[in-house]
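Notes to accompany the following structure.
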Amino acid sequence: GEWEHLAIVYDDEAQMKKLYVNGELAVESNDAVAENDTKPFNIGAGGDLGTAYFFKGDIDDIGLWDVALTETQIVQAMDRGVASFMGAPGPSPLLEGLTGYWPLDEGSGTTAANSAGGEDAELHNGVEWIDDPDRGSVLSFDGVDGYADAGAETIPQMTQDNDFTWSVWINQGSGNG
């Protein structure tokens, strides 16, 4: 596997879902977005842990917004990282609506800090910190039962009535769907 930057955007006004891979639009659809419930959000696993699909591979630099980012903003997040905009002088449109940002720089321990001020993510089961030669400290998921719980208050409920953007670097493991 190679590292890829993924961004999922939902624009309520346009009723449009978009998937960007490495800063380029890969899929655009006006299919309905299914309403989510308010169960705790789990990075690496679906909301219902009893029947969830678990991610196998490595994850880095997770950002969540309650706004639909533009393609330019997605490329900025991919190229410079969200952290480069935090603490910079003057306002940044990339920080507007940022509800969760986990740079995953800890390298050890059982939590991943949320630099946007929301809940930290608690690591469970087969999640390990590893040092990646390209990305530095990242989380590695076993694909069996590992997940990180960021809490329901951090993640805005995703419905057809609100905008959202997810941004993450992934290095998918072999045998993963």
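The values are calculated or read from the model by the stated rules, or taken from the named source; none is laboratory data. Computed from a predicted model, the values in this text were never measured in an experiment. For neighbour counting, all protein chains shown are included, and Cβ atoms are generated from backbone atoms with ideal geometry for every residue, glycine included.
Assorted remarks:
- Just one of the listed residues (TRP169, TRP129, TRP102) is modelled with pLDDT of 90 or more and closer than 20 Å to LYS18 by Cα, and it is TRP169.
- Filter result for SER108 (at pLDDT 90 or above, touching a Pro at 6+ places or on another chain (Cβ under 9 Å) and either in a helix (DSSP H, G or I) or among the small types (Gly, Ala, Ser) (or both)): no
- Residues satisfying the criterion are present in the stretch 45-53 (criterion: at pLDDT below 85, closer than 25 Å to ASN22 by Cα and in a loop (DSSP other than H, G, I, E, B)).
- Selection of the stretch 66-94 for residues being closer than 13 Å to PHE164 by Cα and surrounded by fewer than 16 Cβ atoms within 10 Å (Cβ to Cβ) yields only THR70.
- Residue that is surrounded by the fewest Cβ atoms within 10 Å (Cβ to Cβ) [pool: residues in the stretch 107-137 that are touching a residue at least 40 places away in the same chain (Cβ under 8 Å) and β-branched (Val, Ile, Thr)]: ILE130
- Condition met for ALA113 (aliphatic (A, V, I, L, M) and modelled with pLDDT of 90 or more): yes
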